[in-house]
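The structure under discussion appears below in the form of structure tokens.
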Amino acid sequence: MEQKIRVLVAKPGLDGHDRGAKVVARAFRDAGMEVIYTGLRQTPEQIVNAALQEDVDVVAMSILSGAHNHLFPRVMELLREKNMDDVLVIGGGVIPDEDIPGLKAAGIAEIFTPGTATGTTIEFIKNNLKRKA
Amino acid sequence: MNEIETIQQANTAYEAGVQKAAARFPERKKMFTTGSNAPVNTLYTPLDTKDINYVEKIGFPGEYPYTRGVQNTMYRGRLWTMRQYAGFSTAEESNKRYKFLLDQGTTGLSVAFDLPTQIGYDSDHALSQGEVGKVGVAIDSLADMEILFDGIPLDKVSTSMTINAPASVLLAMYIAVAEKQGVKPEQLNGTIQNDILKEYVARGTYIFPPEPSMRLITDIFAYCSKDVPNWNTISISGYHIREAGSTASQEVAFTLADGIAYVDAAIKAGLSVDDFAPRLSFFFNSHNDLFEEVAKFRAARRVWASIMKNRFKASNPKSLMLRFHTQTGGSTLTAQQPDNNIVRVAIQTLAAVLGGTQSLHTNSKDEALALPTEASVRIALRTQQIVAYESGATETIDPLAGSYYVESMTDRIEKEALEYIARIDSMGGAVKAIERGYVQQEIQDAAYSYQMDIESGERVVVGMNKFQIKEAPPTGLLKVDPIVGEQQSQKLRELRAKRDNAAVKNSLVTLEKAAQGNDNLMPLILDAVRCYATLGEICDILRGIFGEYQQKVIL
Amino acid sequence: MSERMALNILDNPRHLARLITMIERQDPARIEVLKALHDKTGKAHVVGITGPPGSGKSTLTDKIIGELRNRGRRVAVVAIDPSSPFTGGAILGDRIRMMRHATDEGVFIRSLASRGHLGGLSRAAAETVRALDAAAYDTVIIETVGVGQSEIDIVRCADTVVLVAVPGLGDDIQAIKAGVMEIGDIFCVNKADRDGAERVVRETRAMMETAIMNGANTRFSGLYKAVYEHTVQQARLRGENVQEDPHGGALRIPPVLLTIAEQGEGVSVLVDEILAHHAMLSDTEWLLKHRHENTMWELRNAVADNLLGWLDNANAHSQLANAAEAVLHKDTDYYQALAQVQEGIIAAGLRLVSD
Ligand SMILES: Nc1nc2c(ncn2[C@@H]2O[C@H](COP(=O)(O)OP(=O)(O)OP(=O)(O)O)[C@@H](O)[C@H]2O)c(=O)[nH]1
Ligand SMILES: [Mg+2]
């Protein structure tokens, strides 16, 4: 029985800076994960439905526009509505430190700010999966 | 023995010595490389530049091939334009920031729009939620634009607007505000970015597919060449290509390939090259590898001049000159120990100036974290002023010319760029290469290998993967009040109640019909803007006719 | 749990998604659920889409989904991408072209990585299709890259196979590989906005005509003969005359269509043809014939996989080791050893619980 960590790499919001998201997607693949990338400008509804159908273990979102306080909690809300509490959700991008506690309270497990090594994110995922892969 | 042979002999002896020394004390690294991962030799000598024909390849400032600069006096005549990109929240707030910047001695404005504006959505659109006023100012209609430039005489400033997909609409609003100030279009100075191709590969704020987008662009070229003659109708941008992770050579290559595509499109649309080419401008990044960046700017000028002269047979010298704006590299800033960014920006500023830039935006130290505060914007501007007035770099022209290293690197970048351009030509040009995902793939591969070099520690970024400290979270960052979205929506409701809706409807119907044909859309967009049709309304009409671009994702 | 899950997948896509994960992992627990769902299967029209990398299969699928939705059908997609042989990871890139359907309740899209499993991939794909079928999706589309044999085995199990070709792949005739052509029911030359599309159409037609003349074993010829007989029969029943075909439909070739998937051009015709193919299958009972063959094939493969799996276990390993030693020591000859091992294995194989 082969088990793989499945990750949805998503870009909510309108910003087009996907360098980080794409680098991370490739790094996840090279760490042996199965990665589904959504592309730009995805709504929270699209992200959550994709996560549901793909039955991913992890949703990794990147946002650089400053709309994280609106969009990240909205994704968490929708996940909860669909009883998807066992999905590990992480976020990255230009996110001021003072916003992080609020996002964590909303259910984002960790926020990775610019300069984080992809290795750090991969370790975090491996150690914090909510369901066993 | 002639001089070169003498040097050759001495050099061979020197290299033997180096090898011997290295055997006992190995060098710090196996491979020495530039910031873009190109190999660097131990030493550069006249041997590296002996084949360069000075007159043909380097020449004189203000003369073909413009390697040394586009004006013959360069900064001895006039310094570059110090232009700080700014804009956030509402038009009222941004207007205040512009007045502050003008007070502090900036010489040109540079408007940042929020993402809904850049993608052609009104502030009350569902997709605008959470985005309004975040990365720039929210502009929904002429009413906002009037506030944005309130008390700023548009015949006295030059304004650069970072707007691409809906560039026609924002330019129309600018012209309309000028009309209200009693300023004629021919008195206007400034730039719209208007470079859609790099949006597809690097920046992401596209709306329409390539073909209609290119038409909007050539419509602007044609309109401005008659009515707004001093306007820079496009700023062909390598900046974002570099931010997306490209190398220096790729930055030059892909930008110039885009430039070729715009010139081709305009010629195909019936314009003659010397009518619009003098108004083409460029926009580059400036990174930390001082010498490579200087070489990059010099190579870009040389390659473009030859393309315009030989490929497009332009005869107006202004058509051959690559004039460019520079911004220091946003992706080089670190969120860790943000004060270090001041030093990075200083090096990058020097590179841009030694590279002969026409205008410059210096990033603020806190830009990796949030919008810059007034205090950090001031330091960024002061950095330019120190380089301008204290460093001595502006006293003579192109002072690094003749450096064996810089000249041979200028040649290398030129060669690599030409190779890329040839490959893109063979695919049918930049539009086709982008549609195939070729450009995106090249950039991403470079970005990924750069990231891996940082993670392996092969490439050191001070404060980030070496020399780290425990830091307290930064304080005093600028935040945009989330209420801005609500305020803008309220303004829109009032506007829609107040304006002449029949006139708006009329202008939009006319625009829709014209969009289906081939007429120049600029005058019609101007009409729509004048009667306060909103940006979203105008773009929706065009979306209906042109369709929307689907991103090419290459991973 | 599995009974409840089986009941639930009808109205809860989350359970469906979970079941597919169990299938992907070949989790033995899936079997109970799939058994419970068995009665609900067999209704969906299964469409396979294959072609070279980057030929526009996903873009086409996206547009086909839209068209089928307009015609009131619920659509599911299984999109298969290769795993990296080095890291075992994968970037599943098909879904990105279909994101606009993400919030449509009538669409379910699932990406699968080929993972390490060889024959297991076609089994996992077939089981996934059955799960989606049971979940009442009217059309189930399988997208795979037409490169390896295992990918081709997957689409051949579909009721209707669409082969996608594109102009400009160098040697155009290679756009549809020999050996693949035989399994196509509909041919689609995508990227018709590029030069050379018409030529690929002509060449594809010519290639099929030659193949028929040479008596190639194609999927479509048998169907077309049956369709012809059916038409003649129906006409006679209605007392009408039909134009006689001396070849009895045997020279008919499948439609070769031009599409520009990016702009949705030609997609409506393509969908017409896909549905028409399904109608032909149903009218002639070739649908059942197909499925009968496919089920046999699947059973055969499952048996083969199970036997192979068993050969690698410890017991078989020691039998093989003993036999090899006997051969080397000249205690027995090679063929006698083979006969003995085979007997033992078949005896044990018969006792295998079916997995
Ligand atoms: N010019 C043109 N490009 C197309 C057309 N259809 C698809 N493409 C482009 O071709 C590229 C590949 O499209 P996909 O739909 O991902 O192709 P695919 O066959 O699913 O690719 P893989 O799953 O990776 O094998 C994308 O950039 C599409 O936008 C078309 O009709 N014309
Ligand atoms: Mg695909």
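Between B:Lys268 and B:Glu179, the C-beta separation translates, for a Förster distance of 41 Å, into a calculated FRET efficiency of about 0.80.
Electrostatic tally near C:Glu151: other residues with Cβ closer than 11 Å to its Cβ, Lys and Arg +1, Asp and Glu -1, net -2. Look at the stretch B:108-120: the mean tally of other chain Cβ atoms within 10 Å of its residues' Cβ atoms is 2. Listed values for the range B:145-150 are Karplus-derived 3J(HN,Hα) couplings in whole Hz (6.51 cos²θ - 1.76 cosθ + 1.60, θ = phi - 60°), namely 5, 4, 5, 4, 10, 4, and x replaces Gly and Pro. Values of log10 I(q)/I(0) for the range B:358-458 across q = 0.11, 0.12, 0.20 Å⁻¹ run -0.70, -0.82, -1.04, by the Debye formula with one identical scatterer at each alpha carbon and no solvent.
Rg/Rh for the range B:3-48 stands at 1.04; both radii use Cα atoms, and Rh follows the Kirkwood definition. For chain A, set up a Gaussian network in which alpha carbons nearer than 10 Å are linked by springs, and say which option among A:Gly32, A:Gly13, A:Gly93 fluctuates the most. Comparing A:Gly32, A:Gly13, A:Gly93 in the GNM, the peak value goes to A:Gly32.
In chain B, helical runs assigned H by DSSP with n ≥ 4 each contribute -39500 (n - 2.57); averaged across all residues and rounded to the nearest 500, the mean residue ellipticity at 222 nm is -15000 deg cm²/dmol. Remark: mean inter-chain Cβ contacts per residue of C:75-81 equal 1, using a 10 Å Cβ-Cβ cutoff to other protein chain atoms. Placing pseudo-labels 7 Å out from each Cα toward the beta carbon at A:Lys104 and B:Lys498 gives an inter-label distance of 4.6 nm. If we count every other residue with Cβ under 14 angstrom of C:Ala323's Cβ, Lys/Arg +1 and Asp/Glu -1, where does the sum land? So the surrounding residues net to -3. Sequence-ordered 3J(HN,Hα) estimates for the range B:23-28 from the Karplus curve with 6.51, -1.76 and 1.60 and θ = phi - 60° stand at 5, 7, 10, x, 5, 4 Hz, glycine and proline given as x. Suppose the Debye formula is applied to equal point scatterers at every Cα of the range C:313-354; what is log10 I(q)/I(0) at q = 0.26, 0.29 Å⁻¹? Rounded to two decimals, the profile gives -0.86, -0.98. Shielding of peptide B:129-142 by partners, expressed as the average count of other chain Cβ atoms within 10 Å per residue Cβ, is 4. Of all aspartates and glutamates in the structure, the ones whose alpha carbon falls short of 16 Å from that of B:Lys313, not counting any fewer than 8 places away in one chain, are B:Asp264, B:Asp274, B:Asp275.
Answer rounded, prolate or oblate for the range C:233-306, using the Cα gyration tensor with square roots of eigenvalues a ≥ b ≥ c: rounded when a/c is under 1.5, else prolate when a/b is larger than b/c, else oblate. It is oblate, given that a/c is not under 1.5 and a/b is not larger than b/c. The distance between label points at B:Gln468 and C:Glu32 comes to 4.7 nm (points 7 Å beyond Cα on the Cα→Cβ vector). Largest first, the extents of the alpha carbon coordinates of the protein assembly as shown on the three principal axes equal 95, 85, 61 Å. Computing Rg and the Kirkwood Rh from the Cα coordinates of the range A:6-128 gives a ratio, Rg/Rh, of 0.91. From the square roots a ≥ b ≥ c of the eigenvalues of the alpha-carbon gyration tensor of the range C:35-114, which class results: rounded (a/c under 1.5), prolate (a/b over b/c), or oblate? Note, shape of the range C:35-114 comes out oblate.
Annotation for the B:A interface, with buried accessible surface near 3000 Å², both sides summed [1.4 Å probe; non-protein components not counted].
Partner lysines whose Cα lies under 16 Å from the Cα of B:Lys513, excluding those fewer than 8 positions away in the same chain, are identified as B:Lys505. Normalised per residue, the accessible area of the range B:472-555 is 51 Å², obtained with a 1.4 Å probe and no contribution from ligands, DNA or RNA. Note on B:Ala126 and B:Gln187: with the Förster distance fixed at 51 Å, the Cβ-Cβ geometry gives a FRET efficiency of about 0.80.
Assuming charge only on the beta carbon of Lys and Arg (+1) and of Asp and Glu (-1), the dipole of chain C about its Cα centre is about 680 debye to the nearest 20. Between C:Arg205 and C:Ala339, the simple label model (points 7 Å from Cα in the Cβ direction) yields a spacing of 6.0 nm.
Each of B:Lys470, A:Lys82, B:Lys296 has its accessible area taken with a 1.4 Å probe; listed largest first, they run B:Lys470, A:Lys82, B:Lys296.
Provide the net charge surrounding B:Pro185, with neighbours chosen by a C-beta distance below 12 Å and charges set as Lys +1, Arg +1, Asp -1, Glu -1. Residues near B:Pro185 contribute -2 overall.
The Cα atoms of chain C cover 71, 49, 49 Å along the three principal axes, with the biggest extent listed first. Near the amide H of B:Leu478, within less than 5 Å, lie the amide hydrogens of B:Leu371, B:Thr373, all on another chain or at least 5 residues away, with H placed in the peptide plane.
Taking only protein heavy atoms and a 1.4 Å probe, the accessible area of chain C is 54% carbon and sulfur.
Estimated at the nearest 10 Å², the accessible area of B:Leu127 is 50 Å² with a 1.4 Å probe.
Its Kirkwood hydrodynamic radius, worked out from the mean inverse distance over all distinct Cα pairs, puts chain B at 24.6 Å.
Within the same chain, lysines fewer than 8 places from B:Lys30 are excluded, and of the rest, those with a Cα less than 27 Å from its Cα are B:Lys20, B:Lys296, B:Lys415, B:Lys466. Residues of the range B:443-486 with backbone nitrogen within less than 12 Å of a virtual label 7 Å along the Cα-to-Cβ line of B:Gln337, please, listed as ranges. Only B:461-471 fall inside the zone, counting backbone N under 12 Å.
Per residue, the convex hull spanned by the alpha carbons of the range B:292-426 comes to 144 Å³.
Pairs with C-alpha atoms separated by more than 19 Å, drawn from the list B:Lys552/C:Lys57; C:Lys63/C:Lys191; C:Lys57/C:Lys225; B:Lys156/B:Lys184; A:Lys22/B:Lys470, are C:Lys57/C:Lys225; A:Lys22/B:Lys470.
The values are calculated or read from the model by the stated rules, or taken from the named source; none is laboratory data. Bear in mind the structure is a predicted one, so any value in this text is a computation, not a measurement. Cβ sites come from the backbone with ideal geometry, for glycine too, and all protein chains shown count toward neighbours. To get the accessible areas, we keep the full protein, side chains included, count just its heavy atoms, and leave off ligands, DNA and RNA. Shrake-Rupley method; radii C 1.70, N 1.55, O 1.52, S 1.80 Å.
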